[in-house]
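Okay, here's the structure, questions in a sec.
Please treat every number below as a calculation from the coordinates, not as lab data. Since the model is a prediction, treat every value here as computed from it, not as a measurement. Neighbour counts are summed over all protein chains in view; Cβ atoms, including those assigned to glycine, are modelled from backbone coordinates with ideal geometry.
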Amino acid sequence: MIEVTLLTQADCRFCEIAVAVLARVAQEHPMAVRHVGLDTDDGRALAARHGVAFAPGVLLDGEMFGYGRLSERRLRRHLAGRDARPHAGGSEDIQR
């Protein structure tokens with residue numbers, strides 16, 4: 001499951017779009033989405049650490065994915081590539 005952190009602010013149209021995009025994409029890629037306000041200590045710290053210039057900021061598994069208007073196409077491509085990678089340590093990696 002993908003851990004998504006969505007850094008948001010009040011009255012942000014791009015934040016509303018990001019929520020809708022994540023809801024659609026979550027139908028195909030299991031994810032847990034945590035909303036963090038940029039007006040909170042945690043939100044400001046995450047934004048500073050990851051270089052989020054403005055809302056919304058999107059972190060995937062703790063890594064910066066982007067900020068501003070969330071591209072559904074880019075997110076789907078990223079997740080499809082991630083799903084296609086072999087998982088380290090899995091039994092499918094063992095050849096005898």
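Can you find even one residue in segment 56-75 that is free of Cβ contacts under 8 Å to residues at least 60 places away in the same chain, surrounded by 14 or more Cβ atoms within 10 Å (Cβ to Cβ), over 15 Å from VAL4 (Cα atoms) and of a type in the set (Lys, Arg)?
no
Which residues, taken from segment 12-34, are surrounded by 11 or more Cβ atoms within 10 Å (Cβ to Cβ) and under 12 Å from the mean Cα position of the chain (by Cα)? Don't jump to the end; show me each part of the working.
Taking segment 12-34 as the starting set, the residues that turn out to be surrounded by 11 or more Cβ atoms within 10 Å (Cβ to Cβ) are 12, 14-26, 28-29, 31, 33-34.
Listed by number, the residues that qualify are ALA18, VAL19, VAL21, LEU22, ALA23, VAL25, ALA26, HIS29, MET31, VAL33, ARG34.
Would a scan of segment 35-49 turn up a residue that is assigned to a strand (DSSP E or B) and surrounded by fewer than 17 Cβ atoms within 10 Å (Cβ to Cβ)? Break it down stepwise before answering.
Our first condition is that a residue be assigned to a strand (DSSP E or B); within segment 35-49, this holds for 35-37.
After this cut, where a residue has to be surrounded by fewer than 17 Cβ atoms within 10 Å (Cβ to Cβ) as well, the list is 35, 37.
Taking every residue of segment 35-49 in turn, at least one turns out to be assigned to a strand (DSSP E or B) and surrounded by fewer than 17 Cβ atoms within 10 Å (Cβ to Cβ).
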